[in-house]
Ligand SMILES: Nc1ncnc2c1ncn2[C@@H]1O[C@H](COP(=O)(O)OP(=O)(O)O)[C@@H](O)[C@H]1O
Ligand SMILES: [Mg+2]
């Protein structure tokens, strides 16, 4: 469960990227965060991942108040989140397998268990038999699958994805979304930020819309077209 | 506990992987660190050998006790008893008659001595102390001079003192060299780790974003510094031992010509352990400082 209240974010040199934003996302929900480019979606993503701190307001994730979080506690919060970054942040000098092994090493799984989990995650996102490949040799859709595998390998309760289908053709975008739907169906909370909801052939999701840093209809429920 | 162990093992493996990833760079760093540690180590070894050499040279550290002219048999016996009681080492009694005879034997002295009304030489003891440290020699001579009927005490250790002062100076020079080169080692490690951090900036950023603690990121870098220092220490031990092997035969030959059995002392196993451990600690220190200074800038 994510509860955001009266969030405001002002960058040091800029105007307000978020203004008085409040919303609640229940456990197991799938939510689309929409809005034009520059609306503040990535800013919200970074606030939820404790990469940035809000100027005002509060965020509570699964009972943990992010505004009161100490620097030491931040890594442990992030481990509970499956983060998929807009620029993917893959390690191009490491193999596909090593990219997925990184979060497991961070948590400290023994090598055998880590290998088993990494292979399972790669299979789940549809990237089997590519372990020894380097990310540069993967297509855009495959790189996104790798990013998802790395995000989910520690079995987070919440997945946060920033523009996961940007720059993908319709077919690949659809496949990526199906992966998210599969996770939501087993109880994972999924929040997907996208500037182009129309191209998302999504099943059922609530939409939160950001407009120039403000949430236009806080909490409005909107079912998208069923495929 | 086992998770802790596994994490450290993983960090060590990571550090080894990084060392092996750029073998030429690693080798170059190791040689530089090795040479850096070689100089103070070789200096220390040279001083140790010189110290041992003075310990070996015998008969030069003697104290002569000259008794007063009026001293009689009983006084001589008294001194003898005291020497025996104090266990100062070996000694030899030279009576005034013996001394005169020896002087007469010297060329051109016989006539001069014949012209003397009486024997001008005193009875004497020549003591070879067991404890040859200069400060002990001094205090021994000092206490001798307070004994009854002792007119004059002569300590034949002027050159020993000079040599000892020289050794002390040498030790100081080696110590300063050691500090200087320890600083150099820390600096070398500091910059290697800085380069490591720059090269892995992307990896470090990603790891942090997905939940890595500071310890997780820093640990391999610390291990890298410590490992490099330790291997550098071993490299220095190798260089010093090689130099020793080249010098030992020549020194042995020289010692034989002087009729002594002096043998050059090389690095013992314990020395090698201390050297590598020192390298490891200094390497860790350089890595630690570098990590503290450069990791903050990244996030
Ligand atoms: N690091 C930053 N420093 C200053 N301004 C920023 C920063 N990141 C984003 N912004 C500004 O905040 C606003 C929202 O940006 P962003 O959250 O990236 O929007 P979106 O992801 O919806 O495109 C934009 O006006 C952008 O220029
Ligand atoms: Mg964005």
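Table for the structure above
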item	result
Test: residue B:91 is at negative phi, assigned by TED's automatic domain parsing to the domain that holds residue B:276, touching a helix residue (DSSP H, G or I) at 6+ places or on another chain (Cβ under 6 Å) and buried (at least 17 other Cβ atoms within 10 Å of the Cβ)	no
Yes/no for residue A:49 being within 13 Å of ligand 1 (Cβ to nearest atom) and under 30 Å from residue A:131 (Cα atoms)	yes
Those residues of the range A:18-34 which are away from ligand 2 (no atom under 12 Å from the Cβ), crowded, with 22+ Cβ neighbours inside 10 Å and within 13 Å of the chain's Cα centre (by Cα), in sequence order	A:30
Restricting the range A:35-70 to residues that are assigned to a helix (DSSP H, G or I) and touching a helix residue (DSSP H, G or I) at 6+ places or on another chain (Cβ under 9 Å), the residue that is surrounded by the fewest Cβ atoms within 10 Å (Cβ to Cβ)	A:66
Conditions (1) within 16 Å of ligand 1 (Cβ to nearest atom); (2) closer than 23 Å to residue A:198 by Cα; (3) in contact with a strand residue (DSSP E or B) (Cβ under 9 Å, 6 or more places away or on another chain); number of the one not met by residue A:88	(3)
Odd one out for residue A:65, checked against (1) over 19 Å from residue A:175 (Cα atoms); (2) within 11 Å of chain B (Cβ to nearest Cβ); (3) in contact with a strand residue (DSSP E or B) (Cβ under 8 Å, 6 or more places away or on another chain)	(2)
All positions within the range A:76-85 that are within 15 Å of ligand 1 (Cβ to nearest atom) and either at the interface with another protein chain (Cβ under 8 Å from one of its Cβ atoms) or modelled with pLDDT under 95 (or both)	A:83, A:85
Test: residue in the range A:46-56 that is more than 16 Å from ligand 2 (Cβ to nearest atom) and at positive phi	yes
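For every residue, the table says whether it meets (1) without any contact (Cβ under 8 Å) to a residue 60 or more places away in the chain; (2) touching a helix residue (DSSP H, G or I) at 6+ places or on another chain (Cβ under 7 Å); (3) surrounded by 10 or more Cβ atoms within 10 Å (Cβ to Cβ); (4) within 30 Å of residue B:165 (Cβ to Cβ).
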site: B:83; (1), (2), (3), (4): yes, no, yes, yes
site: B:95; (1), (2), (3), (4): yes, no, yes, no
site: B:105; (1), (2), (3), (4): yes, no, no, no
site: B:112; (1), (2), (3), (4): yes, no, yes, no
site: B:119; (1), (2), (3), (4): yes, yes, yes, no
site: B:124; (1), (2), (3), (4): no, yes, yes, yes
site: B:129; (1), (2), (3), (4): no, yes, yes, yes
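The values are calculated or read from the model by the stated rules, or taken from the named source; none is laboratory data. Small disclaimer: the values here were computed from a predicted structure and weren't measured. Neighbour counts are summed over all protein chains in view; Cβ atoms, including those assigned to glycine, are modelled from backbone coordinates with ideal geometry.
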